[in-house]
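Right, one structure below, let's go through it.
The values are calculated or read from the model by the stated rules, or taken from the named source; none is laboratory data. Quantities reported herein were computed from a predicted structural model and do not represent experimental measurements. Cβ: placed from backbone, ideal geometry, glycine included. Neighbour counts: every protein chain shown. Just the protein is used for accessible areas: all its heavy atoms, side chains included, with ligands, DNA and RNA removed. Shrake-Rupley method; radii C 1.70, N 1.55, O 1.52, S 1.80 Å.
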Amino acid sequence: MNWKGHVILGIIMGLPFISSPEQIFLVVAGALYPDLDHDVKSEIVNRGLYIAGGFLALLILSYLFKPAFFNLDYFIAAVLTAVIYAIPYYADHRGLTHTFVAMILGSIALGYIVLKLSILSPIIACIIALIMVTNDKLLAKTISIAVASWVAFYFLIPPVLNLNGLAFYVVPIFMGYLSHIVGDCITPMGCKALYPLKRTLRKPEAIVMGILWLLGVIYVHKIL
Ligand SMILES: [Zn+2]
């Protein structure tokens, strides 16, 4: 599935689970992250690794020479940033980033980073998450699609889920990520999402995940 398909499926699957406009950027970030394992995305991954390495070096230096400036939360966020980029750097295409293990770890790691950045402003923090997984061209296109779809959804179905703290950031990323795995399972190549098991998930499993998602929507929106 190409980036457009992943963004659209991500928005469809993510919108029912968000309550605030900036969360839509996290849904899209989650939907785009797994394909960072693609060779054409190596510039994004390399950029991320350099930035994470720079922050880590800065934090280690401040710990050694100016301990008053050292902040453990930011150190953890910098380590997680390095991990987030190291996974697609070493993974084969449709390898580790396309698994449920990476979905859980990646959503929590990116959610934690965004939570720490949210002291700047939650909107800026969520846009940074999207910047982290896109290049300028993709960023411009996805931001406009994300904003337009959120506005349309807001008037159709008012948001109901009110999340706080880490969950506010993790859940939208998780939904976007899940949509990516569902989207790739539908393709002929399938997806080995059950790592460390070798089983390839295809259309039938994608349908099961779709039904589970639908049950989640029904539960959250108290439809039945
Ligand atoms: Zn993919």
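Worth a mention:
- Per-region count, the stretch 81-106, residues farther than 25 Å from ASN2 by Cβ and either surrounded by 20 or more Cβ atoms within 10 Å (Cβ to Cβ) or touching a Ser or Thr at 6+ places or on another chain (Cβ under 8 Å) (or both): 1
- Residue within the stretch 20-43 that is more than 14 Å from the ligand (Cβ to nearest atom), surrounded by fewer than 20 Cβ atoms within 10 Å (Cβ to Cβ) and within 17 Å of the chain's Cα centre (by Cα) present: yes
- Any pair with Cβ under 6 angstrom, 6 or more apart, that starts in the stretch 173-187 at a residue that is within 14 Å of ALA102 (Cα to Cα) and open to solvent by 10 Å² or more (accessible area, probe 1.4 Å) and ends at one that is assigned to a helix (DSSP H, G or I) and among the hydroxyl-bearing types (Ser, Thr, Tyr): PHE174/SER107
- Only one of the listed residues (GLY95, GLY48, GLY54) is more than 30 Å from PRO159 (Cβ to Cβ), within 12 Å of the ligand (Cβ to nearest atom) and either without any contact (Cβ under 8 Å) to a residue 24 or more places away in the chain or of a type in the set (Gly, Ala, Ser) (or both). That residue is GLY95.
- Evaluated against (1) open to solvent by 20 Å² or more (accessible area, probe 1.4 Å); (2) in contact (Cβ under 8 Å) with a residue 12 or more places away in the chain, PRO67 falls short on exactly one condition, (2).
- Any hit, the stretch 167-189, residues being more than 16 Å from the ligand (Cβ to nearest atom), outside any helix (DSSP H, G or I) and either modelled with pLDDT of 90 or more or not acidic (Asp, Glu) (or both): no
- Residue list for the stretch 109-159, restricted to those being outside any helix (DSSP H, G or I), open to solvent by 50 Å² or more (accessible area, probe 1.4 Å) and over 18 Å from ILE8 (Cα atoms): ILE119, LEU120, PRO158
- Residue in the stretch 194-202 that is buried (at least 22 other Cβ atoms within 10 Å of the Cβ), more than 16 Å from the ligand (Cβ to nearest atom) and not basic (Lys, Arg) present: no
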